[in-house]
Amino acid sequence: MALDPSSPHSEFFFLAEQDFDLFGDPVRLPNGKRGRPAHVPSQKNRNKIIVLLALGWGNERIAGAMHISQPTLRRYYFSELKRRDIQRDRLDAWRFEKIVDQVESGNVGAMRLLDQMIAKNDQVLTDAKIRAAQNGEKKTEYIGKKEVDRQAADSAVKGNSPGWEDDLTPGKYN
């Protein structure tokens, strides 16, 4: 049965005829037009970018690996780049989920690996707490603009602000 390029399944016909390089990216042959063909984002590329972000790669390195420019990366994958800080945590959570699935099926090796992953996670959390205690870091409470202004006015009235001396003391000019 021959596939008709005009059929609804023509994308399968196109993919069967397309060549891919060693890493699974489509090979782009010159089409006689100037410049490179327009980038078409795909879910596979989005997933690849999420993994690279989780590994700590920068935009320049990701764009090079994806064979696109940095502006193209920012244009089509902005939402993935915006969540750069949480990608490592998402990858770790995904790994834990996969290992737990294996443990539930009775895989003894997965049980051992889960224990190792939990121990490593606990060690990272403990190290962070120790570092915070050594640096004397305390969680600072957010102070709003109105409270900052009120504190500044109180210190000015008490004479703690240079230049005001006792000009703000009540009853001085009566």
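Shape verdict for the stretch 86-135, please, from the Cα gyration tensor: rounded (a/c under 1.5), prolate (a/b greater than b/c) or oblate. Spell out each step's value before the answer.
Values: a/c = 5.28, a/b = 2.00, b/c = 2.64.
Cα axes put the stretch 86-135 in the oblate bin.
Kindly write out, for the stretch 69-74 in residue order, the coupling ³J(HN,Hα) from the Karplus curve 6.51 cos²θ - 1.76 cosθ + 1.60 (θ = phi - 60°), rounded to whole Hz, with x marking Gly and Pro.
Karplus-based 3J(HN,Hα) across the stretch 69-74 equals 7, 5, x, 5, 4, 5 Hz.
Simple spin-label model, 7 Å along Cα-to-Cβ: K158 to L113 in nm?
Taking the simple label geometry, K158 and L113 are separated by 6.0 nm.
Which GluC sites (Glu not before Pro) does the stretch 59-140 hold that lie in a coil by DSSP with at most 11 other beta carbons within 10 Å?
Values: sites: E60, E80, E97, E104, E137; in loops: E137.
Hits after loop and neighbour filter: E137.
Relative to the present Cα-Cα distance, how much length would full extension add between R90 and H39 at 0.36 nm per residue of separation? Could you put the intermediate results ahead of the total?
Numbers: separation 51, 0.36 × 51 = 18.36 nm, distance 2.66 nm.
Contour length minus the Cα-Cα distance gives 15.7 nm.
Report ³J(HN,Hα) in whole Hz for each residue of the stretch 112-117, in order, from the Karplus equation J = 6.51 cos²θ - 1.76 cosθ + 1.60 where θ = phi - 60°; Gly and Pro get x.
Whole-Hz 3J(HN,Hα) from phi for the stretch 112-117: 5, 5, 4, 4, 5, 5.
In whole Hz, what ³J(HN,Hα) sequence does the stretch 53-62 give by Karplus (6.51, -1.76, 1.60; θ = phi - 60°), x for Gly and Pro?
Values, residue by residue: 5, 5, 7, x, 6, x, 4, 4, 5, 5 Hz.
Using Cβ contacts closer than 10 Å as the measure, can you line up W94, W57 from fewest to most? Could you put the intermediate results ahead of the total?
Values: W94 13, W57 17.
Final ranking by Cβ density, sparse to dense: W94, W57.
Throughout, read-outs are computed from the coordinates displayed, never taken from laboratory work. Note that the structure is predicted; figures quoted are calculated from it, not measured. Reconstructed Cβ throughout: ideal geometry from the backbone, glycine too, with neighbour counts over all protein chains shown.
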